[in-house]
Amino acid sequence: MRASNLLPNWLKRYRAQWLGRDAVAALVATMMLVPQALAYAALAGLPPHLGLYASLLPLVGYALLGSSTALSVGPVAVLALMTASALSPIASPGTADYVTGAVILAALAGVFSFTMGLLRLGALSNLLSHPVISGFVSGAATLIIIGQLGPLLGVPTDGGTAFEILLHSVEDLPEVKPLTTGIGLVSVVLLLGARLGLAPLLRKLGVAAGAARLLARLAPMLLVLVAIALTYFLEWDRKIDVVGAIPSGLPEFGLPTFEWQLTYPLLLPALIIALLGFVESLSIAHAIALRRGERLNANAELRGLGAANMLSAVSGGFAVTGSFARTAINEEAGAKSPMSGIIAAGLMTLVLLFLTGIFQQLPLAVLAATIIVASTSLIDVRGFILNWRYDRTDGLAMAGTFLGVLLFGVEAGIGIGIGLSFATLIWRSSRPHIAVVGRLPGTEQFRNVLRHTVKTQPRLLFMRIDESLFFSNISAVEDRLLSELKRHPDTREMVLILSSVSRIDGTALERLQQVNRDLSERDIRLHLAEVKGPVLDRLSRSKFLGELTGRVFLSSYIAELALRHEEHKSPDPGPA
């Protein structure tokens, strides 16, 4: 095998003139990644420097195997919260078992993702509906914000659910540390101000729109550097909690021992993290690909994320996935290819070797403020309003998932979300839309009698079924047919239009046979029209067509002509 065959496609096509733009994008993304990596490691209940470890090799792994040219992979808030939720029942934060569990969790998530990519299971991105995903992320973001109130105010944080944490935080309000609270609240205000108003202000001052957005997104890094400087010169580290010692140098590469007692409880959380990380990352990558006119490979995304997580585990990090904020800043900074990720990994290496001492004086309240403000953008209020207006079922699924996360925790919330996704699908398919139709005058088109002015025949009843027929909805279909017969007592010919029916299962077939017999006892013939070829093939392998009292027509129009002619004892114009 030639060595060039092992290179990713983007590297084979790489142009020298892209290197400068990729390098600039990598520098900007790294400036944003450092404070976020520290913050999200703390959110996961891990030593902050593990966030830097998780921002090293994963960038390379995804760049070599992923399919997006601009996706930035690394620690994110939601997966950090899910890591903490998965590990809390089996170990105490800060202990050796807790850190080992985080590494095992990342390794398992990576193996699951990579295996699904090899098996070409990219379609799993459709497992969860978008409203459910949005509800989960919004609930997780709200839980993150509430969970960071303690570090922001300098009080302990206890409790598993959002309401327990909020209740304990309120009870501990008399113990708040004024300096910590002041630093935290000022940081929140500055970060919100930068997010909402800095870019417009810079544009008014003549800065280009892209550069203005870029500078506004770098505000967290500037705040971190200012906070570090103030802490150093004003000796705030004697009065407030700071990050503390961060080991310099590269991590020790290698995997921990997979003890079954520690690994078994993490199997399901790892699978959930792999699926959710994939769905979120893919949605981000799709948005970028549409703007760039590129095509994504969902299976390559699974393999890229799998490699990223396995390499995160090798370097002592925790679970990672694509980040919306860092991907956006990577694109705006001019990244042309995944080389920007590889360069960013090189820059992170320099940070670990030479610059970790700078971040030891960083106040934890500033990290909490960074997490809080980053999480506010994940709460999709607008999406809930749109879903509620468009489809109440989607709105209820989103709200149910959101409340599930807040009331019962992260894992229960995603379980509720998956359940609601399937419940929504079953509920919709079990209530198929069925319309009584008639012919539009002067045409061969048949439309709903409630929506259009159509011609109907007194003894002919045309009904269109807009859903495949199977065990969960056939009773509703049968009830609707009988109710329409009561409204049309003169009916002698019933025509079922099956143009939207792609499948009829065994249970539905038995009930259709019973309907055919019941109609025959009432001296009513049952006909079919516009039956799809695969459905007709399956029906031909049963006794149904032989027992059918009526006929099968190519179109509703031919059915109407034929049945009207039969009624008037005229020659048949020709069946299907």
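Bear in mind these aren't lab numbers, they're just calculated from the coordinates by the rules spelled out. If you're wondering where the values come from, they're calculated on a predicted model, not measured in any experiment. Cβ sites come from the backbone with ideal geometry, for glycine too, and all protein chains shown count toward neighbours.
Given a Förster radius of 56 Å and the C-beta distance between L192 and L545 as r, what FRET efficiency does 1/(1 + (r/R0)^6) yield to the nearest 0.05?
Efficiency for this residue pair is about 0.25.
Straight-line reach from K239: which lysines fall under 18 Å, measuring Cα to Cα and dropping same-chain residues less than 8 apart?
List returned: K177.
What does the charge count around K177 come to, taking other residues whose C-beta lies under 12 Å from its C-beta (Lys +1, Arg +1, Asp -1, Glu -1)?
For residues surrounding K177, the net value is -2.
Ranked by Cβ crowding within 10 angstrom, fewest neighbours first, how are D391, D523 ordered?
D523, D391
What's the angle, to the nearest 10 degrees (0 to 90), between helix 364-376's Cα axis and the longest principal axis of the chain?
Between helix and principal axis, roughly 20 degrees.
Among P441, L205, L27, which residue has its Cα positioned farthest towards the positive end of the charge dipole of the chain, with +1 placed on the Cβ of Lys and Arg, -1 on the Cβ of Asp and Glu, and the dipole taken about the Cα centre?
The listed residue farthest towards the positive side: P441.
Pull up the cross-link candidates among the lysines for K12, meaning alpha carbon to alpha carbon under 28 Å and not fewer than 8 places away within one chain.
Within reach: K336.
Pull up the DSSP beta bridges for the chain and report the antiparallel fraction as a percent, rounded to 5.
Around 45 percent of the beta bridges assigned by DSSP in the chain are antiparallel ones.
Below 10 angstrom from the Cβ of I133, what's the summed charge of the other residues (Lys, Arg +1; Asp, Glu -1)?
-2
Report the convex hull volume per residue for the range 419-487, counting only C-alpha atoms, in Å³.
For the range 419-487, the hull spanned by Cα atoms encloses 108 Å³ per residue.
Report the antiparallel proportion of the DSSP beta bridges in the range 434-567 as a percent, rounded to a multiple of 5.
Around 40 percent antiparallel, to the nearest 5.
Give me W236, W260, W427, W388 sorted ascending by neighbouring Cβ count inside 10 Å, so fewest comes first.
Ranked by crowding around the Cβ, least crowded first: W260, W427, W388, W236.
Taking the Cα centre of each part, how many Å lie between the range 466-529 and the range 93-156?
Centre-to-centre distance over Cα atoms comes out at 47 Å.
Provide the FRET efficiency to the nearest 0.05 for the L118-D479 pair, computing r from the beta carbons and using R0 = 45 Å.
0.45
Specify the angular offset, from 0 to 90 degrees and rounded to the nearest 10, of the alpha carbon long axis of helix 506-521 from the longest principal axis of the alpha carbons in the chain.
Result, in degrees: 30.
By how many degrees, between 0 and 90 and to the nearest 10, does the Cα long axis of helix 178-193 differ from the longest principal axis of the chain?
50
Could you tell me which label, among [x] 1.01; [y] 0.97; [z] 1.12, carries the value of Rg/Rh (Cα atoms, Kirkwood Rh) calculated for this structure?
Evaluating Rg/Rh (Cα atoms, Kirkwood Rh) on these atoms matches [z].
Placing unit charges on C-beta atoms (Lys and Arg positive, Asp and Glu negative, everything else neutral), compute the dipole magnitude of the range 434-567 about its Cα centre in debye, rounded to 20.
Here the size comes out at about 200 debye.
Just to verify a number: FRET efficiency for L536 and T453, C-beta to C-beta distance, R0 = 25 Å, to 0.05?
So the FRET efficiency works out to roughly 0.20.
Grab the other residues whose beta carbon is less than 10 angstrom from that of M32, score K and R as +1, D and E as -1, and report the net.
Neighbour charge sum, excluding M32 itself: +2.
Going by how many other beta carbons lie within 10 Å of each one, how would you line up Y390, Y98, Y53, fewest first?
Fewest-to-most ranking of Y390, Y98, Y53: Y390, Y98, Y53.
How large is the charge dipole for the chain, taken about the Cα centre, if only the Cβ atoms of Lys, Arg (+1) and Asp, Glu (-1) carry charge, to the nearest 20 debye?
2040
Give me the extension gain from R21 to S248: residue separation times 0.36 nm, minus the current Cα-Cα distance, reported in nm with one decimal.
Gain on extension, R21 to S248, equals 78.8 nm.
Restricting to DSSP H runs of at least four residues, report the calculated mean residue ellipticity at 222 nm for the chain, -39500 (n - 2.57) per run over all residues, nearest 500 deg cm²/dmol.
-18500 deg cm²/dmol
Convert each backbone phi in the range 261-274 into a coupling constant with the Karplus relation 6.51 cos²θ - 1.76 cosθ + 1.60 (shift: θ = phi - 60°), then list the ³J(HN,Hα) values in order as whole Hz, x for Gly and Pro.
Listing the rounded values in order: 4, 8, 7, 4, x, 9, 5, 5, x, 5, 5, 5, 4, 4 Hz.
Subtract the Cα-Cα distance of T376 and A229 from 0.36 nm times their separation in residues, and report this length gain in nm to one decimal.
Net length gain for the segment: 50.2 nm.
Quick one: 3J(HN,Hα) in Hz for the range 120-126, Karplus 6.51/-1.76/1.60 with θ = phi - 60°, rounded, Gly and Pro as x.
Going residue by residue, I get 6, 9, x, 5, 5, 5, 8 Hz, with x marking Gly and Pro.
Describe numerically, in nm with one decimal, the distance between label points set 7 Å from Cα along Cα→Cβ at W388 and at E521.
Label-label distance for W388 and E521, simple model: 4.9 nm.
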